[in-house]
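Asks: Supplied in structure tokens, the structure appears directly below.
Nothing in this text is a laboratory measurement; each read-out follows from the coordinates by a stated rule. Values in this document were obtained by computation on a predicted structure and should not be read as measured data.
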Amino acid sequence: MTEKQILSEILSTIKQNQSLSSELWAIEDIALFLKISPDSVSKRITKVKTFPKPIKVPTTEGTMNPRWYAQEVREWVKRHKS
């Protein structure tokens, strides 16, 4: 690998990490990441006391769409590996 390729790869990794820190995930995104059903995420995973708290995005209908920071979910998963 050339020095230019290495620097390019490092820059790409930094950019990806920066975008992950502000990326928001819905229940379906978390389900895909964990490879379980959205229903399991909604009924079981989000109820775990240590799971990150959601951001509640309001809609024009007055409902709240919960979203989680992708980075917080990833860090939570890492803390629970055995």
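Asks: Starting from the Cα of LYS56, draw a straight line to each of the lysines and keep only those under 16 Å, dropping any in the same chain fewer than 8 residues away.
Replies: By straight Cα distance, LYS56 reaches LYS47.
Asks: Compute the helix-to-body angle for 70-79: its Cα long axis versus the longest principal axis of the chain, expressed 0 to 90° and rounded to tens.
Replies: 90 degrees
Asks: Give me the percent relative contact order of the stretch 24-79, please, defined on Cα pairs under 8 angstrom at least 6 residues apart.
Replies: 36 percent
Asks: Can you compute the helix-only [θ] at 222 nm over the chain? Use -39500 (n - 2.57) per DSSP H run of at least 4 residues, normalise by all residues, nearest 500 deg cm²/dmol. List each step's numbers first, then the result.
Replies: Numbers: 4 runs with 44 residues, N = 82.
Theoretical 222 nm ellipticity from helices: -16000 deg cm²/dmol.
Asks: What ratio of Cα Rg to 2.2 N^0.38 Å holds for the stretch 24-79? Display every interim value, and only then the final one.
Replies: Details: Rg = 11.2 Å, N = 56, 2.2 N^0.38 = 10.2 Å.
Cα-based Rg divided by the globular estimate yields 1.11.
Asks: On to the next question. Could you give the angle, 0 to 90 degrees to the nearest 10, between helix 3-22's Cα long axis and the longest principal axis of the Cα atoms of the chain?
Replies: 10 degrees
Asks: Here is a further query. Students often forget the sequence filter, so: which lysines lie under 26 Å Cα-Cα from LYS4 once same-chain residues fewer than 8 apart are removed?
Replies: List returned: LYS15.
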